[in-house]
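Participant: Structure in structure tokens, see below.
The values are calculated or read from the model by the stated rules, or taken from the named source; none is laboratory data. Source: prediction; values computed, not measured. Methodologically, a virtual Cβ is constructed for each residue, glycine included, from the backbone with ideal geometry; neighbour enumeration extends over all protein chains shown.
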Amino acid sequence: MKFKWDKKYLYWGATATIVLAITVLFNFLLNQNLALKNAFAKLFKVMLPITEGFVIAFLINPLMKWFETSVFAIFDKKSMDRPILPVWKQNLYRILSILFSYIVILILIAAFVIAVIPQITQSITNIYELFPVYKANFENWINSLIEKYPEISKYLKNVINENENVIEAWTDEKFMPWLSNLASSAPKFVYNLFSQLKNFLIGAVVSIYVLLKKEQFKGQGKKIVYSLFNVKNSNSIINNVRMAKDKFSGFIVGKLVDSLIIGFICFIGCSIMKIEYGVLLALIIGVTNIIPFFGPIIGAVPCVLLLLVVNPLHSLYFLIFVIILQILDGNVIGPKILGQSTGISSFWVIFAITLFGGLWGIPGMIIGVPLMAVIYALIQSGLDISLKNKDISPITENYINLDHIDTETGEYVEKELPSVIIAQKHEKSRENKRIKAELKEQKKKEKIEKKSNSDNK
């Protein structure tokens, strides 16, 4: 099948090269030019409330849609059966849906602040104040292990003696000041949280306007796209934007709900097992669970280390509990909530977390998976279109065992797999043995017949 050159390939190649060059140049200027960098930083700071407003609207939109399409459908079935509701009723349902959504969100935030923040502050303070006691208990536990298992006591004593100065120095110079700063900064953190209330309130107001007029914003965006591109490309761009929105909303909102459930289950489990600092541990596990794949590991490590000092036996219980909880989340809770929201394999999940986490830190690890899902879907769509234009199958399974495509007939010629080749060799060997056995049997019969004929004569 001969490749046909088209000017559009040159056009798209040149366009991609120019866009890439502009991006690299912009990034270089932004990093090298301090004034330009400060200008963008100031612009970002000024626009932060607007950005927060769009983010809040994006997160609240699923809850608002649920109120609008499900709750009010129960109370007004006759109106919902109509193809188009009256404008006044649409506006009323939209306003009530936004109001109820914000009430639910505010109740959750208030419950978190009232129930969780004071306990976390108290837990951190207690850890700092009781750390010498925990340290002594931990040393006693080590000593009891040494007495119980004398065959390894010599080795453990050597390890402790060799690293005692290092451990003491690290505890005095690193860990204790860190705990002190953490304990003293907890109230400051709460204060700074409330000091950002201005930006949050402005963002909340912006989100209300965005949610109220979201159809108008969508219409204006589509109008701009159709004014800049031809109809075919505009349709493709709008479909891709819609796909990206579904990927991000499905993943992020679902992951937030999933992490909230995991944190709550972790708190219940810690309470039942009477593990110390259950609220703090549940918060760490719930927050880090937002990060796909590596989140549970990131959250479990500091929790287990903390409990190892506080109560070594509880650290073992907690580790087993977290492993069971993550298995439950990975196989039952997560798939039920998230479904197939990303549509990419585990390899690309790890790749996305590694790449975007390295570029943007924790935010990159969170948004990296849906972003990779969008990039993957766009590349796959482009490849499928290109293959269909060449009258070649876009189905991946057709290429797994492919050796080549016949240029004359377009037939897919598969290569012989090693297992098939081995099976064929075994079959051929068995056939050869069967033929030899038949020839041997035939010669034997011929000898018997000759002998019988000679005896008859």
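Participant: Filter segment 210-224 down to residues that are in a helix (DSSP H, G or I) and over 30 Å from the mean Cα position of the chain (by Cα) and give me whichever is farthest from Y93 (Cα to Cα).
Facilitator: By that ranking, first place goes to I224.
Participant: Moving to a separate point now. Taking segment 339-389, which residues are of a type in the set (S, T, Y) and either assigned to a loop (DSSP other than H, G, I, E, B) or out of contact with any Ser or Thr (no Cβ under 9 Å at 6 or more places or on another chain) (or both)?
Facilitator: S341, T342, S345, S346, T354, S386
Participant: If you don't mind, there's one more thing I want to ask. Any idea how many residues of segment 262-318 are outside any helix (DSSP H, G or I) and either hydroxyl-bearing (S, T, Y) or in the same structural domain as F131 (by TED's automatic domain parsing) (or both)?
Facilitator: Total satisfying the criteria: 1.
Participant: Restricting to segment 285-309, what's the tally of residues that are touching a residue at least 40 places away in the same chain (Cβ under 8 Å) and surrounded by fewer than 20 Cβ atoms within 10 Å (Cβ to Cβ)?
Facilitator: Count: 5.
Participant: Assess whether L43 counts as being aliphatic (A, V, I, L, M), part of a helix (DSSP H, G or I) and modelled with pLDDT under 80.
Facilitator: Here the answer is yes, as L43 does meet what is asked.
Participant: Now, a different point. Going through segment 236-273 one residue at a time, which ones are without any contact (Cβ under 8 Å) to a residue 40 or more places away in the chain and basic (K, R)?
Facilitator: R242, K245, listed by residue number.
Participant: Starting from residues that are under 26 Å from F351 (Cβ atoms) and among the aliphatic types (A, V, I, L, M), keep the ones in segment 254-283 and report whichever is surrounded by the most Cβ atoms within 10 Å (Cβ to Cβ).
Facilitator: Residue satisfying both the conditions and the ranking: I262.
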